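Have a look at the structure below before the remarks.
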Amino acid sequence: MILSDKTIQEMLAAGTLKIDPMTREQVQPASVDIRLGNTFSIVEDSSSGIIALDSEIRYKTITSESYVLLPNQFVLATTMEYFVLPDDVTAFVEGRSSLGRLGLFIQNAGWVDPGFQGEITLELYNANRCAIELKAGRRVGQLVFARMDGAALHPYRGKYQGQQGATGSRIFLDHEVKV
């Protein structure tokens with residue numbers, strides 16, 4: 001079940017859901033507005049021109065109040081807010097239609113697991129022919145919360161727990177079983 005503004009406000013007041021920093025105006029009828037943070041990361045070029053998924057990927061990270069996203073450019077960014085989700089609530093990130101209409105794609109793995117704590121890393125892509133200026137503090141999307149039928153047996157405690165800033169991929173930490 002998607003949580004209403006009333007339930008979100010009750011959870012925030014009770015401390016079962018934590019969002020910091022946050023203003024009351026961010027709470028929408030069925031979501032919470034998320035704002036752009038001030039760190040941006042891009043994958044560093046490699047001599048081979050290939051990203052190997054089993055090796056650590058290097059990123060160039062900058063802290064700035066604004067970032068100009070060039071046409072066809074991809075950058076990692078972060079939310080201004082730090083979230084603490086309870087073990088029985090999950091969430092997903094949705095971009096703002098107003099920004100999508102400008103060609104700014106705000107992707108995320110899409111799903112925020114119950115028990116997650118941290119800033120949310122956003123994947124931003126400019127599909128427009130013009131550069132787009134991004135500014136810290138601007139609303140870029142919303143987080144929609146859903147209550148699960150019970151607390152997760154294994155809430156999130158993974159490799160992105162507690163992340164702050166635009167956090168690059170840690171896929172190289174995955175340990176796949178080889179057949």
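The values are calculated or read from the model by the stated rules, or taken from the named source; none is laboratory data. These numbers come from a predicted model, not from an experiment. Methodologically, a virtual Cβ is constructed for each residue, glycine included, from the backbone with ideal geometry; neighbour enumeration extends over all protein chains shown. All accessible areas refer to the heavy atoms of the entire protein, side chains included, with ligands and DNA or RNA removed. Shrake-Rupley method; radii C 1.70, N 1.55, O 1.52, S 1.80 Å.
So the values come out like this:
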| quantity | calculated |
| --- | --- |
| Residue match in segment 9-29 (condition: in contact with a Phe, Trp or Tyr (Cβ under 6 Å, 6 or more places away or on another chain), open to solvent by 30 Å² or more (accessible area, probe 1.4 Å) and of a type outside the set (A, V, I, L, M)) | yes |
| Yes/no for Glu44 being open to solvent by 60 Å² or more (accessible area, probe 1.4 Å) and of a type in the set (Asp, Glu) | yes |
| Filter result (open to solvent by 60 Å² or more (accessible area, probe 1.4 Å) and touching a helix residue (DSSP H, G or I) at 6+ places or on another chain (Cβ under 9 Å)) within segment 50-62 | Leu53, Asp54, Glu56 |
| Unique match (being among the polar types (S, T, N, Q) and more than 20 Å from Ile42 (Cα to Cα)) among Thr90, Thr121 | Thr90 |
| Hits in segment 130-150 (condition: assigned to a loop (DSSP other than H, G, I, E, B) and in contact with a Gly (Cβ under 9 Å, 6 or more places away or on another chain)) | Cys130, Ala136, Gly137 |
| Per-region count, segment 25-62, residues under 20 Å from the mean Cα position of the chain (by Cα) and either farther than 18 Å from Ser169 by Cβ or in a strand (DSSP E or B) (or both) | 22 |
| Any hit, segment 94-101, residues being part of a strand (DSSP E or B), more than 18 Å from Leu36 (Cα to Cα) and either in contact (Cβ under 8 Å) with a residue 40 or more places away in the chain or out of contact with any helix residue (DSSP H, G or I) (no Cβ under 7 Å at 6 or more places or on another chain) (or both) | no |
| Subset of segment 104-125 [assigned to a loop (DSSP other than H, G, I, E, B) and crowded, with 16+ Cβ neighbours inside 10 Å] | Asn108, Asp113, Pro114, Gly115, Phe116 |
| Pair list, Cβ < 8 Å and 6+ apart or interchain, from segment 36-55 residues that are at negative phi to residues that are in a loop (DSSP other than H, G, I, E, B) and open to solvent by 60 Å² or more (accessible area, probe 1.4 Å) | Leu36/Arg138; Asn38/Glu65; Val43/Ile51; Val43/Arg58; Glu44/Arg58; Ser46/Arg58 |
| Out of Glu81, Glu94, Glu65, sole residue that is under 18 Å from the mean Cα position of the chain (by Cα), open to solvent by less than 60 Å² (accessible area, probe 1.4 Å) and among the acidic types (Asp, Glu) | Glu81 |
| Cβ-Cβ under 8 Å pairs, at least 6 apart or on other chains, segment 127-142 side open to solvent by 80 Å² or more (accessible area, probe 1.4 Å), far side basic (Lys, Arg) and assigned to a loop (DSSP other than H, G, I, E, B) | Arg139/Arg96 |
